[in-house]
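Quick note: the coordinates plus some simple rules give every number you see, no bench work behind them. Only a predicted model underlies this, so the values are computations on that prediction, with no experimental measurement involved. Cβ placement follows ideal geometry from the backbone for every residue including glycine, while neighbour counts extend to all protein chains displayed.
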Amino acid sequence: MNIILLGPPGSGKGTMAGLIQKKYSIPQISTGDMLRSNIKEGTELGKKAKAFVNAGELVPDSLVIAMVKERLSEPDCENGYILDGFPRTIAQAEALDSIAKIEAVIDLILDDEKSIARMSGRRVCPSCSATYHVSVIGDEKLCSKCGTELVIRKDDEESTIRNRLKIYHEMTSPLEEYYRKKGLLVSIDVDGSIEENFAKILSALGVYS
Ligand SMILES: [Zn+2]
């Protein structure tokens with residue numbers, strides 16, 4: 001089962017990826033993590049990538065594709081994988097088509113206002129990194145684990161979230177169109193509970209398994 005997972009910030013994409021990974025015993029492949037580990041391990045591709053990163057430039061598609069290709073040929077990908085954060089562009093999607101057979105593109109759909117409500121309600125403890133949500137803790141200002149005053153991360157401020165959502169939609173709509181034309185796009189409304197959302201994904205994947 002070779003899957004691409006798309007979803008805006010606040011859609012619970014990470015949680016869903018984790019659940020799919022566990023259910024089907026397939027790895028979740030994030031190009032960000034992959035880049036970091038190649039650079040850390042000093043692989044040939046990692047050395048090339050590092051030169052771009054150090055120069056403050058984007059790592060070129062050809063290099064990212066080469067890394068993805070190598071990663072997908074590893075034994076743990078034999079029964080499938082979940083691609084997260086890749087492809088980001090049509091050029092990457094086309095290159096991916098030449099090295100892999102994607103069977104489904106799970107597109108998590110969540111209204112922007114709901115994404116914002118979920119994310120701007122997040123509070124984090126700057127001391128022990130515990131995370132909370134105002135829908136659970138209400139007006140509580142202190143970390144229940146260590147008593148430190150909770151803060152809103154810069155990433156979770158409303159203006160930052162709106163900007164991230166705008167960038168996400170601009171980047172994703174051509175990809176949605178690309179995979180829709182191929183008949184691979186599976187849109188899932190994720191406005192329910194984690195269990196409900198995951199059940200929808202499983203039932204959609206049932207068609208492909
Ligand atoms: Zn704390």
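Tabulated data for the structure shown
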quantity: Hey, Glu158 touching a residue at least 40 places away in the same chain (Cβ under 8 Å) and closer than 15 Å to Ile102 by Cβ or not; calculated: no
quantity: Breaking point among (1) crowded, with 17+ Cβ neighbours inside 10 Å; (2) over 13 Å from the mean Cα position of the chain (by Cα); (3) under 23 Å from Val190 (Cα atoms), for Lys13; calculated: (2)
quantity: Residue list for the range 137-149, filter: charged (D, E, K, R) and more than 9 Å from the ligand (Cβ to nearest atom); calculated: Asp139, Glu140, Lys141, Glu149
quantity: All positions within the range 180-209 that are farther than 22 Å from Gly10 by Cβ, of a type in the set (Ser, Thr, Tyr) and in contact (Cβ under 8 Å) with a residue 60 or more places away in the chain; calculated: Tyr208, Ser209
quantity: Any hit, the range 111-122, residues being touching a residue at least 24 places away in the same chain (Cβ under 8 Å), within 16 Å of the ligand (Cβ to nearest atom) and either touching a strand residue (DSSP E or B) at 6+ places or on another chain (Cβ under 6 Å) or of a type in the set (D, E, K, R) (or both); calculated: yes
quantity: Among (1) touching a residue at least 60 places away in the same chain (Cβ under 8 Å); (2) surrounded by fewer than 17 Cβ atoms within 10 Å (Cβ to Cβ) - the single one Pro87 does not satisfy; calculated: (2)
quantity: Only listed residue being part of a helix (DSSP H, G or I) and closer than 30 Å to Glu196 by Cβ, chosen from Lys22, Lys69; calculated: Lys22
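Residue-by-condition table, conditions (1) away from the ligand (no atom under 16 Å from the Cβ); (2) surrounded by fewer than 12 Cβ atoms within 10 Å (Cβ to Cβ); (3) without any contact (Cβ under 8 Å) to a residue 24 or more places away in the chain:
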{"residue": "Ile109", "(1), (2), (3)": "yes, no, no"}
{"residue": "Ser127", "(1), (2), (3)": "no, no, yes"}
{"residue": "Val151", "(1), (2), (3)": "no, no, no"}
{"residue": "Tyr168", "(1), (2), (3)": "yes, no, no"}
